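**Q** Got a structure here, written out as structure tokens. Questions coming.
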Amino acid sequence: MRLGVLDIGSNTVHLLVADVHPGGRPLAATSNRTVLRLMRYLEPDGSISAEGVDALVAAVEEARAVAERENVVELLATATSAVREATNGAEVIARIETALGQDLQVLGGEAEARFTFLAVRRWFGWSAGQILLFDIGGGSLELAAGRDELPEVAASVPLGAGRMTVEYLHDDPPGEDAVEQLREHAKAALKPVVALMSPQPTPEHVVGSSKAIRSLAKLVGYPAPGWAGSERMVLPRGTLGSWIPRLARIPASARQELPGITADRTFQIVAGAVVLHTAMTALQVDELEVSPWALREGVLLRYIESLSWNAPTV
């Protein structure tokens, strides 16, 4: 069966098309991304502007056209924090559903964490034991911990890279004072999460997922041997911390010349680095491994599980 997952996030509208069957791993066939950075369309009252809604609907219509062209049998459409928290969210959701011609599943922050944790567990396997997960989106930071397929604890904090850039890093480049203000805000916001996670067993694997973390790993991380001869990326907290002052002094237009920093991440990467470094420090994490699977794969995997084990193969 060919399935599609449409992830309407704070930074991008991302369609993943994959071929799946019960008991098998999703095999990616097509990926289509539209960069929106919805946080720049937020009005003072917390609503998404008319221009932002129009851009969002256009991206959704493009994704639907790609899904139809790719002969997607079932499109699993989800929306995360930017749409969920907008004061005109109900109106925006109605516009999206009209463009899609189907219902939209709006995920809460903990649901995002649980889907992503499932994907990470499947990627690393049961032998990975206790996992601690970090996932940074445009609007929120998700954390989860546990040793089963679903996490024992999960939390979502409004510390996404796009949100923090809009709220704290107004100038380009932002400068040290703005970075320090963001760091202090992140410390305070993370205190309840630290209290939630602290009783959990020491993790055998600390894992980061999301495009922001993958970008930072390419910039400051290093490759390490993986399973079956594969290569994995490791992101050390110390090296990340040493890069933050440099990133904060470089204009956004020049950051895309750095390894791993793509054009759509140049404005948000400083905030993402500060939030990740602060979260790793608060939870006493020295380094994390990067997972190539995240929310979209988790949604796919959960849907595959709902298919009958006895479904006929074609």
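**Q** Quick one: how many residues across the range 127-142 are crowded, with 22+ Cβ neighbours inside 10 Å and more than 11 Å from the chain's Cα centre (by Cα)?
**A** Residues flagged as crowded, with 22+ Cβ neighbours inside 10 Å and more than 11 Å from the chain's Cα centre (by Cα) within the range 127-142 amount to 3.
**Q** Being open to solvent by 20 Å² or more (accessible area, probe 1.4 Å), at pLDDT 95 or above and either in contact with a His (Cβ under 8 Å, 6 or more places away or on another chain) or closer than 14 Å to Pro173 by Cα (or both) narrows it down to one of Gly241, Gly221, so name that one.
**A** Details: Gly221 fails: either in contact with a His (Cβ under 8 Å, 6 or more places away or on another chain) or closer than 14 Å to Pro173 by Cα (or both).
Result of the check over Gly241, Gly221: Gly241.
**Q** Continuing with this model, one more query. Can you pull out every residue in the range 1-38 that is under 15 Å from the mean Cα position of the chain (by Cα) and of a type in the set (A, V, I, L, M)?
**A** Val5, Leu6, Ile8, Val13, Leu15, Leu16, Val35, Leu36, Leu38
**Q** With the requirement that a residue be of a type in the set (A, V, I, L, M, F, W, C) and over 28 Å from Val193 (Cβ atoms), what does the range 247-288 give you?
**A** Taking the range 247-288 first, the residues of a type in the set (A, V, I, L, M, F, W, C) are 247-248, 250, 252, 254, 258, 261, 263, 267, 269-271, 273-276, 279-280, 282-283, 285, 288.
Scanning the range 247-288 gives Ile250, Ala252, Ala254, Leu258, Ala263.
**Q** Please verify whether Ala145 is surrounded by 19 or more Cβ atoms within 10 Å (Cβ to Cβ), part of a strand (DSSP E or B) and not polar (S, T, N, Q), treating the condition exactly as stated. Steps first, answer last, please.
**A** On the way: surrounded by 19 or more Cβ atoms within 10 Å (Cβ to Cβ): yes; part of a strand (DSSP E or B): yes; not polar (S, T, N, Q): yes.
Criteria met by Ala145.
**Q** Counting only residues that are at pLDDT 95 or above and open to solvent by less than 60 Å² (accessible area, probe 1.4 Å), how many does the range 114-126 have?
**A** The total comes to 7.
**Q** Under 6 Å by Cβ, and 6 or more places apart or on different chains, what pairs join a residue from the range 200-222 that is in contact (Cβ under 8 Å) with a residue 12 or more places away in the chain and over 14 Å from Phe117 (Cα atoms) with one that is of a type in the set (Phe, Trp, Tyr) and surrounded by fewer than 19 Cβ atoms within 10 Å (Cβ to Cβ)?
**A** Val220/Trp243
**Q** Go through the range 245-294 and give me each residue that's over 16 Å from the mean Cα position of the chain (by Cα), at pLDDT 95 or above and closer than 30 Å to Leu27 by Cα.
**A** Glu287 - this is the single residue of the range 245-294 that is over 16 Å from the mean Cα position of the chain (by Cα), at pLDDT 95 or above and closer than 30 Å to Leu27 by Cα.
**Q** Additional query: Taking the stated definitions as given, is Pro158 open to solvent by 20 Å² or more (accessible area, probe 1.4 Å) and out of contact with any Lys or Arg (no Cβ under 9 Å at 6 or more places or on another chain)? Before the answer, list the steps.
**A** Values: open to solvent by 20 Å² or more (accessible area, probe 1.4 Å): yes; out of contact with any Lys or Arg (no Cβ under 9 Å at 6 or more places or on another chain): yes.
When the stated conditions are applied, Pro158 passes them.
**Q** Continuing with this model, one more query. Which residue pairs have Cβ atoms closer than 6 Å, lie 6 or more positions apart in sequence or on different chains, and pair a first residue in the range 251-262 that is within 19 Å of Thr165 (Cα to Cα) with a second residue that is outside any helix (DSSP H, G or I)?
**A** Final answer for the pair search is Pro251/Asp172; Pro251/Pro173; Ala252/Asp172; Ala252/Thr266; Ala252/Phe267; Arg255/Ile261; Arg255/Thr266; Gln256/Thr266.
**Q** Is the range 19-27 home to any residue that is more than 26 Å from Thr266 (Cα to Cα), open to solvent by less than 50 Å² (accessible area, probe 1.4 Å) and at pLDDT 95 or above?
**A** No; the residues of the range 19-27 include none that is more than 26 Å from Thr266 (Cα to Cα), open to solvent by less than 50 Å² (accessible area, probe 1.4 Å) and at pLDDT 95 or above.
**Q** Okay, next question. I'm told Pro259 meets every condition in (1) closer than 30 Å to Trp126 by Cα; (2) open to solvent by 10 Å² or more (accessible area, probe 1.4 Å) except one. Can you identify the failing condition by its number?
**A** So Pro259 meets the others, but not (1).
The values are calculated or read from the model by the stated rules, or taken from the named source; none is laboratory data. This is a predicted model, so every value here is computed, not measured. Positions of Cβ are generated from backbone atoms using ideal geometry, with glycine treated the same way; all protein chains shown enter the neighbour counts. Note: accessible area is taken over every heavy atom of the protein model, side chains too, but ligands, DNA and RNA are not part of it. Shrake-Rupley method; radii C 1.70, N 1.55, O 1.52, S 1.80 Å.
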